[in-house]
Amino acid sequence: MNKEITPEYSELGFCRGPNTLKNLEDFLEEMNLDGIVLSGGDNIGKNENRDKTENKLLVYALEKKIPVIGVCRGMQLINNYFGGKISIDNSTIHLAQKHDIEITNENFSSLFKSSSFHVNTYHKNLIQTEGIGNGLKPFAIFSKDGSIEGFFHEQFPIIGVMWHPEREPDLNSKVIISTIFKNKKFFRLFSNFI
């Protein structure tokens, strides 16, 4: 998230946590987490401590069945964790642009009340269909290059998006954030999550 939590998200009960910790286990035991946001930022591999911390957070969430949303870099980290691959886009169509995405999953179309909408984009790394990790299913695609803009896990309460809902708290951004953390029944529509 940004340095300050916007009022739109603080009303959902968000608090900021660090990307790296020396004693992550103590932190997790002290906090009574309802969910984890793996935020955007530098590329995976650029900050080894952050990579290790966020992988431990993901393992913790999987063990406790805590909802996770991965935003941009966070989505890529989730994909890598489940054996997926990242490719590099040498164009500028995903750099500081806005574009439409297609919602390809009926449950997500119902959630957003639309089969497409406009998102921001700030990345050069892509997840293509052939590079998606085990158990991850796309729900949003950028049709111009076929890259995956959103996915969910078929067994765990995990969603990843390549856009930045925290930068523009519009209705669709609020919907996805509040749904993953406040509506556990939603996952039962398309996954084996219990």
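Values in this text are rule-based calculations from the coordinates and carry no lab data. Predicted model only: the values in this text are computed from it and were never measured. As a convention, Cβ positions derive from the backbone with ideal geometry for all residues, glycine included, and neighbour counts pool all protein chains shown.
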Legend entry - Label-reachable residues, region 86-123, where backbone N falls under 18 Å from a point 7 Å from LYS46's Cα toward its Cβ: 86-97, 121-123
Inset, instruction - Which order do the peptides 156-168, 138-150 take when ranked by the mean count of other beta-carbon atoms within 10 Å per residue, highest first? - result: 156-168, 138-150
Inset, instruction - Starting from the Cα gyration tensor of region 82-194, take the square roots of the eigenvalues, sort them a ≥ b ≥ c, and report rounded, prolate or oblate (rounded when a/c is under 1.5, otherwise prolate if a/b is larger than b/c, else oblate). - result: oblate
Inset, instruction - Could you work out how far apart the two model spin labels at ASP89 and TYR60 are, taking each label as a point 7 Å from the Cα in the direction of the beta carbon, and quote it in nm? - result: 3.2 nm
Legend entry - Within region 32-142, percent of DSSP bridges classed antiparallel, to nearest 5: 75 percent
Legend entry - Antiparallel DSSP beta bridges within region 65-194, as percent of all bridges there, nearest 5: 85 percent
Inset, instruction - Using label points projected 7 Å from each Cα along Cα→Cβ, tell me how many nm separate ASP170 and LYS144, to one decimal. - result: 1.5 nm
